[in-house]
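S.K.: One structure coming up, written as structure tokens, with questions to follow.
Derivation of every value follows stated rules applied to the coordinates shown; laboratory data play no part. Predicted, not measured: the structure shown is a model, and the values here were computed from it. As a convention, Cβ positions derive from the backbone with ideal geometry for all residues, glycine included, and neighbour counts pool all protein chains shown.
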Amino acid sequence: MTSETPAALAKAAERPRPALSMSTGRAGDRIFAGLSRGSGLVILAIMAAIAVFLVWKAIPALQDDKANFLTSQEWNPDGAPAKFGIAQLVFGTLMTSVLALVMAVPVAVGIALFITYYAPRRLAGVMAYLVDLLAAVPSIVYGLWGLNFLVTKMTGVSGFLNSYFGWIPLFGGSETGGRTILTAAIVLAIMILPIISAITREVFVQVPHAHVEAALALGATRWEMIRMSVLPFGRSGMVSAAMLGLGRALGETIAVAMVLSTTAGIDWHILKDGGNTFAANIANTFAMSGPTGRSALIASGLVLFVITLLVNVGARAVVARRKEFS
């Protein structure tokens, strides 16, 4: 074994080392950064183009409208004179979507917790597959199921709720039926359930094992561990999943159009036949509408576009407030 003096080692350290090839790495970084930036700009450009198109097509109908577009409950854009407004559509869309979210989120979170922390490995895999399979079912299948099966069953359910819980304003009223806002909300809840469950399950899987093991080592029960370690960590992910499901519910067309019995006017009694939404109104009336009517439908689509955008912005704000938790 050869020994080298400190002077020789210092001299060897001062020798120029072969330059690393930076061109390949830096070129790759520049390409990746350019593609990422370009993708973001393309998304913004597409959204701006959609907004400009909707505004451009909606202006003629808004100029002809003789009613208040924001507060009127009437929808007769092809009449003489044209009178239409979005008050009922906003109410029906938000009511069905919020009710669907209220019903779907607790069930989806429970499914995600069971699959992640309670179910045996084999059963968890099968359940996860079955829940995800619901997301592949077309909307028209849900609509046909809701129209031919759920509507007939909801007539008795609506009567029961009205009889025993009629003191609650939503369940009150003198009439009950099957093609109601509640029925549409149940169909939407089943449709958004797999989306919320899948995303929430992936968030729960990412919970640090150290948090889980520390809670159990300190004597916490399984539920206490979930309440103290899992749910706080996954709160932002659950909010994101819920908002993604809400976006799906806001824009659902065929299933809601098949289930709801369209009637004019706003009614807080969700057990009464009737109601309407933006998407259902567009699907039901677009084919028979004239030029002004189609322009009015595009104007209503613009409002739905803005509502969906505001929902996503709000979700991003909530997630940003919770992202520091780890």
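S.K.: When ranked by the protection proxy of mean other Cβ atoms within 10 Å per residue, highest first, what sequence do the peptides 251-262, 50-61 form?
M.R.: 251-262, 50-61
S.K.: Moving on to the next point. Once phi is turned into θ = phi - 60°, what whole-Hz ³J(HN,Hα) does the Karplus curve with 6.51, -1.76 and 1.60 give for every residue of the range 190-198, x standing for Gly and Pro?
M.R.: Karplus-based 3J(HN,Hα) across the range 190-198 equals 5, 6, 8, 4, x, 5, 5, 5, 5 Hz.
S.K.: Still on this model: Which of rounded, prolate, oblate describes the chain, given a ≥ b ≥ c as roots of the alpha-carbon gyration tensor eigenvalues and a/c under 1.5 marking rounded, otherwise prolate only if a/b is larger than b/c?
M.R.: oblate
S.K.: Between Leu188, Leu62, Leu44, find the one with the highest GNM mean-square fluctuation for the chain; connect C-alpha pairs within less than 10 Å.
M.R.: Answer for the Gaussian network model of the chain: Leu44.
S.K.: Considering amide H positions built from the backbone, and no H for Pro or chain starts, which residues 5 or more places from Asp273, or on another chain, come under 5 Å of its amide H?
M.R.: Gly177
S.K.: Continuing with the same structure: Kindly rank 119-126, 166-173 from highest to lowest mean number of other beta carbons found within 10 Å of each residue.
M.R.: 166-173, 119-126
S.K.: Enumerate the calculated ³J(HN,Hα) couplings along the range 77-92 in order (Karplus 6.51 cos²θ - 1.76 cosθ + 1.60, θ = phi - 60°), each rounded to whole Hz, writing x wherever the residue is Gly or Pro.
M.R.: x, 9, x, 10, x, 6, 9, 7, x, 10, 4, 5, 5, 4, 4, x
S.K.: Next question, about the same structure. I want to check the label-to-label distance for Val137 and Ala45. Put each point 7 Å from Cα in the C-beta direction and report it in nm to one decimal.
M.R.: Label-label distance for Val137 and Ala45, simple model: 4.0 nm.
S.K.: What residue among Ile196, Ile46, Ile270 has the largest mean-square fluctuation in a Gaussian network model of the chain, using Cα springs under 10 Å?
M.R.: Taking springs between Cα atoms under 10 Å, the residue moving most is Ile46.
S.K.: Lys/Arg Cβ at +1, Asp/Glu Cβ at -1, dipole of the chain taken about the Cα centre: which of Phe32, Val107, Asn162 is farthest positive-ward?
M.R.: Going by the Cα projections, it comes out as Phe32.
S.K.: List the residues whose amide H sits under 5 Å from the amide H of Asn76, counting only those 5 or more places along or on another chain, with H placed 1.01 Å from N in the peptide plane.
M.R.: Amide H neighbours of Asn76, under 5 Å, 5+ apart: Lys83, Phe84, Gly85.
S.K.: Restricting to DSSP H runs of at least four residues, report the calculated mean residue ellipticity at 222 nm for the chain, -39500 (n - 2.57) per run over all residues, nearest 500 deg cm²/dmol.
M.R.: -22000 deg cm²/dmol
S.K.: Across the chain, how many lysine pairs, 8 or more positions apart or on different chains, have C-alpha atoms separated by under 21 Å? Please give the number.
M.R.: 4
S.K.: Assign unit charges at the C-beta atoms only (+1 for Lys and Arg, -1 for Asp and Glu), then state the dipole size of the chain relative to its Cα centre in Debye, rounded to the nearest 20.
M.R.: My answer is approximately 880 debye.
S.K.: So, in nm, how far is label Met228 from label Ala317 when the simple model puts each one 7 Å beyond its Cα toward the Cβ?
M.R.: 3.4
S.K.: Highest mean first, what order results for 103-111, 27-35, 75-83 on Cβ atoms within 10 Å?
M.R.: Those peptides, ordered most packed to least, come out 103-111, 75-83, 27-35.
S.K.: Read phi for every residue in the range 98-105 and hand back ³J(HN,Hα) as whole Hz from Karplus 6.51 cos²θ - 1.76 cosθ + 1.60, θ = phi - 60°, with x for Gly and Pro.
M.R.: 5, 4, 4, 5, 4, 7, 7, 4
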